[in-house]
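Chemist: Below is the structure I would like to discuss, written out as structure tokens.
The values are calculated or read from the model by the stated rules, or taken from the named source; none is laboratory data. These numbers were taken from a predicted model, which means no experiment stands behind them. Cβ placement follows ideal geometry from the backbone for every residue including glycine, while neighbour counts extend to all protein chains displayed. Side chains are part of the model used for accessible areas, which takes the heavy atoms of the whole protein and leaves out ligands, DNA and RNA. Shrake-Rupley method; radii C 1.70, N 1.55, O 1.52, S 1.80 Å.
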Amino acid sequence: MGLKSINKLFTALNCGATHFQFMRFIFQGVLFTLILFTVSCNSNRLYHRVIKVPETVWNNGDRYRFVIPVNKETEKTNLHLFLRYASAFQYSEFEVKFLIYAPDKSLVAEETSKLSIRTQEGELTGDGLGNIWDKEFTLLENTDIFKQPGKYTFEISHLMPEAQVFFISEIGISLYRAE
């Protein structure tokens, strides 16, 4: 069915809508459905935040901080790290250090993690569109660190040998209720 046929159909129905209005209506419906689906699929997500990395350069001394509000006592949770990076990212693995402070400011976790960015064959991992890639990593699984209500502070820095790591545009964390 071509554009002329659709316009004739609207004229015959005398609904007064143009092709553009019809397409806009369809687009809005699809967008609403996608948003509803996305929101409903994340019912176990307790926290999510993404921070833009200035000029896509993560400097050695840069620590990114996230304040995670825990409103009620939770049992086990999973902590995920999100990275958005360009295909020009120069490493196969990306080593990070993260610290987690409890609401009383005591250190409850200090860990390092090597994040796999490329396969052994050199292929990028994650979800790519053009030259931009997204990947979510599990940092902590089935942990009870976030059991008490209050504000937790999560800090992350990179441990790469170079002072600057290029081509990382966003970093984020998500806290999920473990299933």
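Chemist: Of everything in segment 80-94 that's assigned to a strand (DSSP E or B) and under 18 Å from the mean Cα position of the chain (by Cα), which residue is surrounded by the most Cβ atoms within 10 Å (Cβ to Cβ)? Full working, then the answer.
Modeler: Filtering segment 80-94 for residues assigned to a strand (DSSP E or B) gives 80-86, 93-94.
Pick out the ones that are also under 18 Å from the mean Cα position of the chain (by Cα) and you get 80-86, 94.
On the way: 80: 17, 81: 21, 82: 18, 83: 22, 84: 20, 85: 27, 86: 16, 94: 24.
For segment 80-94, the residue satisfying everything is 85.
Chemist: Please tell me if residue 117 is of a type in the set (A, V, I, L, M), open to solvent by less than 40 Å² (accessible area, probe 1.4 Å) and under 18 Å from the mean Cα position of the chain (by Cα).
Modeler: It is true that residue 117 is of a type in the set (A, V, I, L, M), open to solvent by less than 40 Å² (accessible area, probe 1.4 Å) and under 18 Å from the mean Cα position of the chain (by Cα).
Chemist: Can you pull out every residue in segment 51-79 that is modelled with pLDDT under 95, more than 18 Å from the chain's Cα centre (by Cα) and outside any loop (DSSP other than H, G, I, E, B)?
Modeler: 70
Chemist: Just to be sure, is residue 55 loosely packed, with under 13 Cβ neighbours inside 10 Å, out of contact with any Gly (no Cβ under 6 Å at 6 or more places or on another chain) and more than 22 Å from residue 151 (Cβ to Cβ)? Before the answer, list the steps.
Modeler: Details: loosely packed, with under 13 Cβ neighbours inside 10 Å: yes; out of contact with any Gly (no Cβ under 6 Å at 6 or more places or on another chain): yes; more than 22 Å from residue 151 (Cβ to Cβ): yes.
Yes; evaluated as a whole, the condition is true for this residue.
Chemist: Here is a follow-up. Output the residues belonging to segment 122-144 that are within 26 Å of residue 154 (Cβ to Cβ) and outside any strand (DSSP E or B).
Modeler: Passing the criteria: 125, 126, 144.
Chemist: Can you tell me which residues in segment 145-177 are in a loop (DSSP other than H, G, I, E, B) and surrounded by 14 or more Cβ atoms within 10 Å (Cβ to Cβ)?
Modeler: Of all residues in segment 145-177, those in a loop (DSSP other than H, G, I, E, B) come to 145-149, 159-163, 167.
Of everything in segment 145-177, those that are in a loop (DSSP other than H, G, I, E, B) and surrounded by 14 or more Cβ atoms within 10 Å (Cβ to Cβ) turn out to be 145, 146, 147, 148, 160, 167.
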